[in-house]
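Q: Below are the structure tokens for one structure; questions will follow.
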Amino acid sequence: MDYSEFSNFLSERAREKGVGIKQLSELTGISAKNIEGIFSGDPARLPSPPYLKGYLWKLGEVLDFNPEEAWEEMKKLAAEKSSGKGDEITRNRFSRKPANKYLIIGAVALAIILYLGFRFYEISGTPALRVENPAEALIVTVNNRATISGKVSNSDELTVNGEKIEIQANGDWRKDIELQAGINNVEVKAKKFLGREAKIVRQIMYQPATGTSGQVLSQ
């Protein structure tokens, strides 16, 4: 092969990057004279091998080519000139092989899908709601107050008869309510912002007893 192929490659890369000899000298710290020698296509004007290797690494960073492969080709050139053998290489051999952007995008998309899959229940599932007190759907009491309590998970909001109730860190909740004589409907709702809601209704029949003071229903 001819060394001019590599010098043409360098010139083309410099044009693509929009830099000239002076700018390359400022960016790499290589003297303009040595850069001109490397770009000249004349092996006689190349710097000595120890310097040339370092210069190729600096130029590779600015012009975005593989300096290691370029150095290997330069060594082959020296061997060919002494042996008289010829070889053909393409300029693309020096170019760095960028990572396939579609593989990167695919990996990111797969990671997001897996994450959403693992979090699907938490993000869009139905809340798990329990009313532990009272445990029965209908109870009768002579007390004018009652305590409604239970547990909930996977819920963003809990209400008792439309009033928001604080949910403890372990999922416990409770609400003291005042009863009216007769049947009192107690509606407990747990809601998920992006999901569904769970609802449980309890009925408490309050039958006042003459001479009996109101007491809180035991848990």
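Every residue, every condition in (1) within 34 Å of the chain's Cα centre (by Cα); (2) farther than 11 Å from Ile204 by Cβ; (3) surrounded by fewer than 13 Cβ atoms within 10 Å (Cβ to Cβ), yes or no:
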site: Thr126; (1), (2), (3): yes, yes, no
site: Glu136; (1), (2), (3): no, no, yes
site: Asn144; (1), (2), (3): no, no, no
site: Gly150; (1), (2), (3): no, yes, no
site: Ser155; (1), (2), (3): yes, yes, no
site: Gly162; (1), (2), (3): no, yes, yes
site: Ile167; (1), (2), (3): yes, yes, no
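Q: Further, regarding this structure: Scan the stretch 5-54 for residues that are part of a helix (DSSP H, G or I), acidic (Asp, Glu) and more than 21 Å from Glu69 (Cβ to Cβ) and report the count.
A: Residues that pass the stated criteria total 2.
Q: Step by step: first the residues of the stretch 166-213, then only those that are of a type in the set (Asp, Glu) and more than 16 Å from Asn133 (Cα to Cα), then the one that is modelled with the lowest pLDDT. Which residue is that?
A: Across the stretch 166-213, the extreme among qualifying residues is Glu197.
Q: Among the residues of the stretch 20-36, write down those that are over 12 Å from Leu59 (Cβ atoms) and over 41 Å from the mean Cα position of the chain (by Cα).
A: Once the filter is applied, which keeps residues that are over 12 Å from Leu59 (Cβ atoms) and over 41 Å from the mean Cα position of the chain (by Cα), the stretch 20-36 yields Lys22, Ser31, Ala32, Lys33, Glu36.
Q: Can you give me the number of residues within the stretch 1-45 that are in contact (Cβ under 8 Å) with a residue 40 or more places away in the chain and of a type in the set (Ser, Thr, Tyr)?
A: 1
Q: How do the pairs read when you match residues in the stretch 162-184 that are in contact (Cβ under 8 Å) with a residue 60 or more places away in the chain with residues anywhere that are part of a loop (DSSP other than H, G, I, E, B) and among the hydrophobic types (A, V, I, L, M, F, W, C), using Cβ under 8 Å and keeping only pairs 6 or more apart or on different chains?
A: Between residues of the stretch 162-184 that are in contact (Cβ under 8 Å) with a residue 60 or more places away in the chain and residues that are part of a loop (DSSP other than H, G, I, E, B) and among the hydrophobic types (A, V, I, L, M, F, W, C), there is no close pair.
The values are calculated or read from the model by the stated rules, or taken from the named source; none is laboratory data. What you are looking at is a predicted structure, and each value in this text was computed from that prediction instead of being measured. Backbone-built Cβ (ideal geometry, glycine too); neighbour counts: all protein chains shown.
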